[in-house]
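Quick notes on the structure that follows.
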Amino acid sequence: MNGPSKRFRSLTIKMNIVIIMSLIISMLLTNYITSFLNHNVQVTYGVYISTAINLIFTTIIAAVFLQWIIVSPLKLLLNVTREVAKGNLTVTIPKKSNDEIGLLVNSFEVMLGNLKDIVGELNETSIKVLSSSETLAKSASETNSVSNLISSSIREVAVDTQNQSNGIEKMVFAITEMNEGIKRILDNTGEVSNTSHETKSYAVDGERAVEKSVRQMILIQNSVSESDISIQELLKRSQEIAQILNVISDIANQTNLLALNAAIEAARAGESGKGFAVVAEEVRRLAEQSNQSTEQIGSIIDQMRLATDVSVQTMRKVIEDVKEGIDIINDTKVKFSVISQSTEEMNREMGNILQAAERMALNAEEISLTIDQISTLARRNTQYSIDVSSSSQDQLVAIEEITKSTESLSNIAEDLRESTKKFTVI
């Protein structure tokens, strides 16, 4: 407060001094002129003339002092401001006083220094801004190119994602159908497993029936063998009976011859041989009957032998057929055993298939759930790609605006640089 007030009082003091000196000088001149006029001019006119002269001298003296104190420094300052207006910031202002005019000059010097700094900083800033704007324009151009590539890639990704989503939907449909097929396989496998168990049961029953048939065929074979032995024995006995019948036939023939000879001898004996003749006739008739019976028995035995031969052949054929039947039944038994083993193996395989089908069904369900999640993510990615594509388009527009703004900034920086060239700071 003391410094400015002193400076302010210094200019006031100067003004007061100017006024006092003007008054003193004007008073001296007035006294001299009044004394002169009092001797040469009337009193009334002398006063008027003295006053006018006093005012004129006072004004002149004040003007001279004001010219020296105020106007001259202001002219210097005006010349400096004109140079500054032309852009010359290198001018200097000589300091002549510490009054308010000096304070104004000091303030102007500070302002001029600040203006120099500002112009210098503006020049440097304009250069930096111009360089940065060029770099930014180049980066914006490169970013625009990259953004175009990204936008194109994103559109392609969106199309690929959409195609992938469609493929996933088809895969979901295929997995669903496969799941249904696996369920049908499970059902059919269960039915086949049940049928296989029933087949195994039937095979076991068939194997048991075959074993029973084998035992029965063996019994039949044994019975036929025993019958063959009996028939052989019967044939042997028939042959023995035939031999006995031959002996009996021979005896009957001889008896018939003896009876015939006895009848001849009885006829020769006459009346005494009649009783013997009757006996001989009866013996002959019995012999003939025995011979006829023997022939009949022989015929029957021959028929029995023929029938026995046929029976023997039949029995042998039956034995062979029974043996062949036993072989066939044994083969059937082996086949039933193979069927039973195969059925058992098939049951195990069907069990494995059933377990595998169940695992496949579970895996298919998990795959279906996973693909559903993937499909959802694919749809989200498609939407994200569309959103990103839209955002990239917006970004392209923004980058174009940035490019335009950068060009405008570059032009402004160039204009600012051209403007700062108007100032001379060094």
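The values are calculated or read from the model by the stated rules, or taken from the named source; none is laboratory data. Owing to the predicted nature of the structure, the values given are computational and were not obtained by experimental measurement. Every residue, glycine as well, gets a Cβ built from its backbone with ideal geometry; the counts of neighbours run over all protein chains shown.
So here's what we get for this one:
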item	result
Of the criteria (1) under 23 Å from Thr199 (Cα atoms); (2) surrounded by 14 or more Cβ atoms within 10 Å (Cβ to Cβ), which one Ile374 fails	(1)
Residues being surrounded by fewer than 12 Cβ atoms within 10 Å (Cβ to Cβ) and either of a type in the set (Phe, Trp, Tyr) or within 30 Å of Thr294 (Cα to Cα) (or both) - total across the stretch 191-238	3
Candidates Ser293, Ser337, Ser299 - the one that is modelled with pLDDT of 75 or more, part of a helix (DSSP H, G or I) and either outside the structural domain of Asn222 (by TED's automatic domain parsing) or over 30 Å from Arg237 (Cβ atoms) (or both)	Ser337
Identity of the residue in the stretch 259-312, of a type in the set (Ser, Thr, Tyr) and in contact (Cβ under 8 Å) with a residue 24 or more places away in the chain, that ends up nearest to Val224 (Cα to Cα)	Ser311
